[in-house]
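The values are calculated or read from the model by the stated rules, or taken from the named source; none is laboratory data. Remember, it's a predicted structure, so these values are computed and weren't measured experimentally. Every residue, glycine among them, receives a Cβ derived from its backbone with ideal geometry; neighbour counts consider all protein chains shown. Note: areas computed on protein heavy atoms with side chains; ligands, DNA, RNA excluded. Shrake-Rupley method; radii C 1.70, N 1.55, O 1.52, S 1.80 Å.
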Amino acid sequence: MIAEATSAVPANELNPWISAETRFNQAAQRLNLEEGMRKMLATPTREVTVAIPIMLDDGRLEVFTGYRVQHSIARGPAKGGIRFAPDVSLDEVRALSSWMTWKCAVVNIPYGGAKGGVICDPSIMSEGELERLTRRYTSAIIEMIGPEIDIPAPDLGTNERMMAWIMDTYSMHKRQATTAVVTGKPLILGGSRGRAEATGRGCMIVCQQALARLKKQPTETEVIIQGFGNVGGMSARLMSKAGFKIAGIVEWDGAVYNSHGLDIEKLMQHRKETGSIVDFAGADNVDKDEALTMECDILLPAAKENVITSRNAARIRAKVICEGANGPTTPGADPILRENNVFIIPDILANAGGVSVSYFEWVQDRMGYFWNEELVIQRLEEIMVTSFQDVVEYAEKNNIDNRLAANMLALDRVIAAIKLRGIYA
Ligand code: NAD
């Protein structure tokens with residue numbers, strides 16, 4: 001589907017920074033944002049490119065390129081993940097950093113937005129190489145990060161092991177154990193209960209809210225999920241337990257479908273044993289290009305960006321799209337989906353469960369007092385339900401779609417903070 005969705009799509013539509021700018025401009029225009037403020041928020045506050053030399057296991061010295069971009073610190077310290085992937089670019093990191101600003105604002109947690117990335121292929125690197133890369137990258141950006149400055153977290157290609165190395169590298173430099181410098185850490189090093197499931201749980205909560213508005217029960221709801229990793233897998237597991245019928249799962253190498261609902265735990269076991277979701281006994285293999293346009297109630301893209309484009313949006317038959325991934329829908333697809341009355345739960349709201357529990361982790365680290373899972377889930381639910389209602393009410397009040405509403409609401413909140421702080425000169 002991604003190949004099909006992106007073929008013959010104008011390159012600009014697929015450029016994440018241009019997408020972010022387009023959405024920002026739409027919200028700014030609608031809010032009649034003055035030119036100076038528009039310029040200020042259209043430009044990331046700080047961007048750093050670093051060269052990261054490390055010794056590979058075979059004795060060669062290799063130099064990797066890394067970025068850290070802080071888009072805004074108006075509402076608090078910058079917050080955002082670190083991505084390790086071969087196709088990381090400064091434009092992508094910029095776009096993701098601005099999304100973090102809007103995401104933190106839309107769920108009303110006291111952070112600005114940031115993102116980091118290193119151009120590398122973690123799948124072909126050894127544990128030792130990844131550790132050296134993570135530590136050297138951390139030391140290269142060390143003045144930019146800190147519990148009150150900028151707090152990284154995992155993203156594509158990074159995990160809690162790497163967050164432990166970041167925490168250790170930072171702590172060794174500062175000569176004190178500083179757990180709150182990074183979130184998404186192992187539990188034993190100040191991680192939070194419920195963090196691993198948080199994004200998937202957040203997706204489930206907003207889907208429940210959307211269904212309540214559509215007056216449907218989870219049990220009468222067919223869901224198709226793209227991506228069976230952290231977000232997609234956890235969403236599938238939790239939603240299945242909550243009674244949703246998970247009819248389809250789409251992965252990069254194929255898709256499986258069962259209109260009566262898939263047994264998610266068995267599918268996970270099957271993938272563990274065979275390395276793939278395809279040929280699962282409890283389902284039919286279906287074309288992954290077709291799977292996203294099959295009839296369903298909820299489509300949950302949770303793999304990567306630019307999946308729903310101007311090329312395939314008209315064929316989407318889901319009633320609700322819950323954007324588990326960042327940027328799965330391009331601005332070119334928006335008007336088509338609007339025309340077809342698809343209820344969109346935009347990424348900056350739908351996948352904000354992760355950053356919300358990251359916020360809880362940071363709070364717990366700073367308190368030195370840790371919550372039980374029940375409390376984490378209860379507080380996550382409060383944030384997701386309130387934010388969903390805020391966005392939908394804003395949309396209804398202004399007669400606009402949910403994405404524009406989420407962006408305008410976020411922008412409103414960031415502007416209010418900037419105005420109260422004033423411009424320091
Ligand atoms: P992940 O690597 O754990 O999972 C991604 C899954 O998508 C993998 O199973 C992968 O095989 C699959 N995939 C890759 N390419 C695909 C393709 N072309 N077609 C179908 N499936 C494909 O990553 P994740 O952490 O689940 O993140 C997924 C998305 O959610 C990303 O956009 C990420 O930025 C976003 N996100 C993640 C979190 C989080 O807490 N993990 C929070 C907010 C947003």
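A few remarks follow.
- Qualifying residues in the stretch 322-354 (those that are in a helix (DSSP H, G or I) and in contact with a helix residue (DSSP H, G or I) (Cβ under 6 Å, 6 or more places away or on another chain)) - the one nearest to the ligand (Cβ to nearest atom): GLY354
- Number of positions in the stretch 269-296 that are surrounded by 22 or more Cβ atoms within 10 Å (Cβ to Cβ) and more than 15 Å from the ligand (Cβ to nearest atom): 2
- The single condition among (1) within 16 Å of the ligand (Cβ to nearest atom); (2) over 15 Å from CYS104 (Cβ atoms); (3) of a type in the set (A, V, I, L, M, F, W, C) that PHE370 does not meet is (1).
- Filtered by the rule that a residue be open to solvent by less than 10 Å² (accessible area, probe 1.4 Å) and out of contact with any Gly (no Cβ under 7 Å at 6 or more places or on another chain), the stretch 326-353 gives GLY327, PRO328, THR329, THR330, ALA333, LEU337, ILE345, PRO346, ILE348, LEU349.
- Evaluation of GLY36 against the conditions (1) of a type in the set (Gly, Ala, Ser); (2) within 23 Å of ALA417 (Cβ to Cβ); (3) in the same structural domain as ALA140 (by TED's automatic domain parsing) shows that the sole unmet condition is (3).
- Every condition in (1) of a type in the set (D, E, K, R); (2) surrounded by fewer than 22 Cβ atoms within 10 Å (Cβ to Cβ); (3) modelled with pLDDT of 95 or more holds for GLU323 except the one numbered (2).
- Test result for LYS174, touching a strand residue (DSSP E or B) at 6+ places or on another chain (Cβ under 9 Å), more than 15 Å from the ligand (Cβ to nearest atom), open to solvent by 20 Å² or more (accessible area, probe 1.4 Å) and modelled with pLDDT of 95 or more: yes
- Test: residue in the stretch 182-198 that is assigned to a helix (DSSP H, G or I), within 13 Å of the ligand (Cβ to nearest atom), aliphatic (A, V, I, L, M) and crowded, with 18+ Cβ neighbours inside 10 Å: yes
- Screening GLY157 on (1) out of contact with any helix residue (DSSP H, G or I) (no Cβ under 7 Å at 6 or more places or on another chain); (2) open to solvent by 20 Å² or more (accessible area, probe 1.4 Å); (3) outside any helix (DSSP H, G or I) shows it passes everything except condition (1).
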